[in-house]
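Q: Dropping the structure in here first, questions after.
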Amino acid sequence: MRIALGIEYEGSAFCGWQTQPGGCAVQDSLEAALAQIAGGPVATLCAGRTDTGVHALAQVVHFDSVVARPQSAWVRGVNALLPPSIAVTWAKEVADTFHARFSATARRYRYVLLNQPVRPAADHGRVGWFHAPLDVDRMREAAEALVGEHDFSAFRSSQCQAKSPMRVLKRLAIARQGPYIVFDLAANGFLHHMVRNIVGSLVYVGSGRKPPAWMAALLAARNRNEAAPTFDAAGLYLTGVDYEARWQLPVNERVEWTLGPRLALNDQPHSTP
């Protein structure tokens with residue numbers, strides 16, 4: 001039988017999602033816990049592989065099990081075996097044709113940037129940081145060029161293994177909440193480091209280092225060397241994965257979450273009809 005899981009994790013202590021020889025990845029901890037409940041090795045596949053230091057509020061994975069277990073075993077039982085910074089939020093038996101990655105219609109990420117002169121302490125590892133004032137209106141103007149279907153080679157890591165740099169960026173919203181600037185992005189898929197490279201380039205615009213029109217020129221140039229450096233992983237969150245309603249997957253019920261003592265954000269995951 002095939003089981004889908006919702007996973008939440010705080011990524012600071014992990015070397016990303018994907019399993020590593022040293023066992024430092026989120027996948028390593030999850031599969032070790034699942035194996036104890038399943039009584040044998042379990043191989044998981046996720047909706048979106050996250051890098052070192054990146055967090056997830058609504059990662060989705062699936063695995064195949066030869067044994068039947070109650071839903072509570074895949075949630076509370078597995079959670080009892082996981083480190084505190086990883087939790088299974090839901091479990092559901094799905095058809096064998098479901099695939100956490102290939103059945104997804106969109107992924108949604110949020111980047112949280114603390115914009116103040118002094119580096120964060122209480123939010124260390126949970127937000128990005130930029131010391132100089134940033135103009136949100138300039139960044140919004142620049143971001144308009146990125147929405148739609150484009151070749152995102154300018155924002156693609158040299159280590160990216162995707163066959164094509166073409167992606168459809170469905171949403172790029174930027175909002176300021178007190179000292180924080182929040183970037184919300186949704187796309188049919190993301191290239192390696194794409195979100196962090198976009199944020200870094202928008203910070204160049206917001207700080208006045210580049211004009212808003214530079215973003216369109218950068219996109220057209222398709223040259224990663226012309227864009228800004230990759231921004232810090234600490235502020236990046238996988239906030240949702242969208243699927244067709246026919247899969248009847250649970251939504252993340254924790255639609256309001258608090259980041260640090262000063263920031264409360266709303267995020268409503270949904271299924272695509």
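The values are calculated or read from the model by the stated rules, or taken from the named source; none is laboratory data. Note that the coordinates shown come from a computational prediction; the quantities given were computed from them, not determined experimentally. With ideal geometry, Cβ positions are generated from the backbone for all residues, glycine too; neighbour counts draw on all protein chains shown. Surface accessibility is based on the protein's heavy atoms, side chains included, excluding ligands, DNA and RNA. Shrake-Rupley method; radii C 1.70, N 1.55, O 1.52, S 1.80 Å.
Q: Do you know which residues across the range 226-247 are assigned to a strand (DSSP E or B) and either free of Cβ contacts under 8 Å to residues at least 24 places away in the same chain or of a type in the set (A, V, I, L, M) (or both)?
A: If the condition is that a residue be assigned to a strand (DSSP E or B) and either free of Cβ contacts under 8 Å to residues at least 24 places away in the same chain or of a type in the set (A, V, I, L, M) (or both), then L236, L238, V241 are the ones that fit.
Q: Can you find, within the range 196-209, the residue that is surrounded by the fewest Cβ atoms within 10 Å (Cβ to Cβ) among those that are in contact (Cβ under 8 Å) with a residue 24 or more places away in the chain and in a loop (DSSP other than H, G, I, E, B)?
A: Ranking the qualifying residues of the range 196-209, first place goes to G208.
Q: Might you let me know whether the range 57-71 holds any residue that is at pLDDT below 95, open to solvent by 40 Å² or more (accessible area, probe 1.4 Å) and part of a helix (DSSP H, G or I)?
A: Yes, the range 57-71 contains a residue that is at pLDDT below 95, open to solvent by 40 Å² or more (accessible area, probe 1.4 Å) and part of a helix (DSSP H, G or I).
Q: Working only within the range 197-211, note down all residues that are in contact with a strand residue (DSSP E or B) (Cβ under 6 Å, 6 or more places away or on another chain) and within 13 Å of R110 (Cα to Cα).
A: Matches in the range 197-211: V199 only.
Q: Something else now. For the range 146-178, which residues satisfy the criterion of being farther than 26 Å from L134 by Cβ and surrounded by 12 or more Cβ atoms within 10 Å (Cβ to Cβ)?
A: Passing the criteria: E149, D151, C160, A162, P165, M166, V168.
Q: May I ask you to verify whether V88 is outside any loop (DSSP other than H, G, I, E, B), open to solvent by less than 30 Å² (accessible area, probe 1.4 Å), without any contact (Cβ under 8 Å) to a residue 60 or more places away in the chain and of a type in the set (V, I, T)?
A: The answer is no for V88.
Q: Then there is this: Out of (1) part of a strand (DSSP E or B); (2) open to solvent by less than 70 Å² (accessible area, probe 1.4 Å); (3) at pLDDT 95 or above, what's the single condition that is false for E93?
A: Failed condition: (2).
Q: P21 versus (1) more than 18 Å from E244 (Cα to Cα); (2) surrounded by 15 or more Cβ atoms within 10 Å (Cβ to Cβ); (3) not polar (S, T, N, Q): which is the lone unmet condition?
A: With respect to (1) more than 18 Å from E244 (Cα to Cα); (2) surrounded by 15 or more Cβ atoms within 10 Å (Cβ to Cβ); (3) not polar (S, T, N, Q), P21 is out only on (2).
Q: Can A221 be described as among the aliphatic types (A, V, I, L, M), touching a Leu at 6+ places or on another chain (Cβ under 9 Å) and open to solvent by 10 Å² or more (accessible area, probe 1.4 Å)?
A: no
Q: Over 24 Å from V26 (Cβ atoms) and modelled with pLDDT of 95 or more, is that true of V136?
A: Yes; evaluated as a whole, the condition is true for this residue.
Q: If you don't mind, another one. In the range 4-18, which residues are surrounded by 17 or more Cβ atoms within 10 Å (Cβ to Cβ), on the phi < 0 side of the Ramachandran plot and not in a helix (DSSP H, G or I)?
A: Within the range 4-18, A4, L5, G6, I7, E8, Y9, E10, F14, C15, W17 meet the criteria.
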